[in-house]
Structures are given as C-alpha cells and as structure tokens.
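This report concerns only the one structure given below.
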Amino acid sequence: MLELIKDSDSVELKLTVPDSAHYATAAALGMDPLDAEIRQVYFFDTPDLRLNRQGVVVRARRVQGKEGDSIVKLRPVVPAVLPKKRRKTPGFKVEVDAMPGGHVCSGSLKCSVGNADVREVVHGERPLGSLFSEHQADFLAEHAPDGPALDELAVLGPILVLKLKFDPEGFERRLVAELWMYPDNSRILELSTKCEPGEAFQAAAETRAYLSGRGIDLSGEQETKTAKALEYFAGRLAD
C-alpha cells in the first residue's frame, strides 16, 4: 500500500455504514439532506460483465445543476508501471481507495458530458460512443483489446444517488456522504474524505478517531457501490 500511495495522485478514505445505522449516523454528523446533490449513475457492460472481469468499469453520471461526466476506470493498477504518456493525459487520475480491511488503486479517465446527452444515450437515441472521448476509447481498447466495443455495451442503471459535501463540527477535514439507492430498495451509505498521498495515514487516524468519537460503527461489513450495482443490473438482464 505504501508503494501504491507514493506514486498516486490522491487517496480517498472510505467507510460504508450498516443500513441499520444510517439515520443515527446522519444525526451524529449533523448532515442536512436538503444540501445534497442529486445524481443518476449509469454503468455500461455486457450482460455477463465481461469488462468488469477484466478490471474495467465504464460509467456516466447525470448531475443536478452541473455538467455530467463519463469515466473509463481500470482497477487495480500499479502506478509505477503506467505509461508516462497516459499519466499526462488530461482528465487522467490515479487514486488509492482505502477502507477498513482493504485497499485498491485505480486509474480513471474522466470527460465532461451534457446531462441531456447521457439521457439520450440511455434511451437509445444516440450511440453510447458519443459520450466518450478518443482518449477514453483508446484507454478502453488498451485494457480490453478483444472487446467489447463501446456501442456493444448494455445500459446498467440508473442508480439514484444523493451526494453531500459537508464540514462536520469538530473536524478539520471535509467529509462526503453518498447514499446510493438501488431499485430493490436496498441502500449503501458511504462516508469518505480525500487527502494528499503524503498525509494518508495521519488523515486515516484522525478520521477514525473522529467517527468513533461520534459513535459511528467502523466494524461493519464493507460494501462496494459499483460491484453491487453491476451485479444487480446484470442479474435483471439475465432474468
């Protein structure tokens, strides 16, 4: 993990909160749901999740009051062996996600897109490839050389997400809360904070101490938002 952090652009510390503790956590941290930003998240893959099996995630987001975005993400990656040309590509980022019990390093290439464009694509009114830049298409081809192509992917989604950035009382770091609401009425509440690679361990200690002091359960089973979404929608396509 030390080697990954050393060559990454940023570190994101994450914690998923047990479903039974969602309301208590929101109250303990003083979260105001009226300040949350509404998002729709769509994933794109084959019904058998062929890209996901190769470590590739393709997604697009519609964001309330802002531009949306499209992302091609590869994980895990080893930053030190990534081509220098790729590291310099505009919109490319290497980040380590750390959570209780594990960590993963990813490389992602993001591009801004219009919310209306995403809507037209998922409704079949324009090709999926129109949401992605030439650099993103090349990045996908590099890591899924045998396909599938972008326009061959199925729409997996949407997931409705409420995202809240806030500065909790008594804590010097900004926290982000994301509530992912799945069509089967299950939910994932994730708390996170980002930091520079050189302060990752200090940030982790401070965040852990703060959340524990607020009565937040840090021992619950950790869930991955993306994996849950992909499995759910792939299952629906199979049915």
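We did not get these values from a lab; they are worked out from the coordinates using the rules stated. Quick caveat, the model's predicted, so the values are computed rather than measured. We place every Cβ from the backbone using ideal geometry, glycine too, and count neighbours over all the protein chains shown.
Points worth noting:
- Within the set (1) 159; (2) 150; (3) 130, the number that volume of the Cα convex hull per residue in Å³ takes when calculated for this structure is listed as (3).
- Cβ-based net charge around residue 109, under 13 Å, with every Lys or Arg adding one and every Asp or Glu removing one: +3
- As a calculated quantity, the FRET efficiency between residue 3 and residue 135 at R0 = 22 Å, using C-beta atoms, amounts to about 0.25.
- Nearest-ten-degree value, helix 225-238 long axis tilted from longest Cα axis of the chain: 40
- Length added when fully stretched, residue 194-residue 218, from 0.36 nm per residue minus Cα-Cα: 6.9 nm
- In range of the label at residue 169: residues from the stretch 202-235 whose backbone nitrogen is under 17 Å from the point 7 Å along Cα→Cβ: 210-216
- Footprinting exposure proxy for 169, 152 (fewest neighbouring C-beta atoms within 10 Å first): 169, 152
- Each of 167, 19 was scored by other Cβ atoms within 10 Å of its Cβ. Arranged with the fewest first, they read 167, 19.
- Over the chain, relative contact order from alpha-carbon pairs under 8 Å, at least 6 apart, %: 30
- Cβ-based net charge around residue 237, under 12 Å, with every Lys or Arg adding one and every Asp or Glu removing one: -3
- One way to sum up the overall shape of the stretch 169-227 is the equivalent ellipsoid from its Cα gyration tensor, whose semi-axes run 24, 14, 11 Å, largest first.
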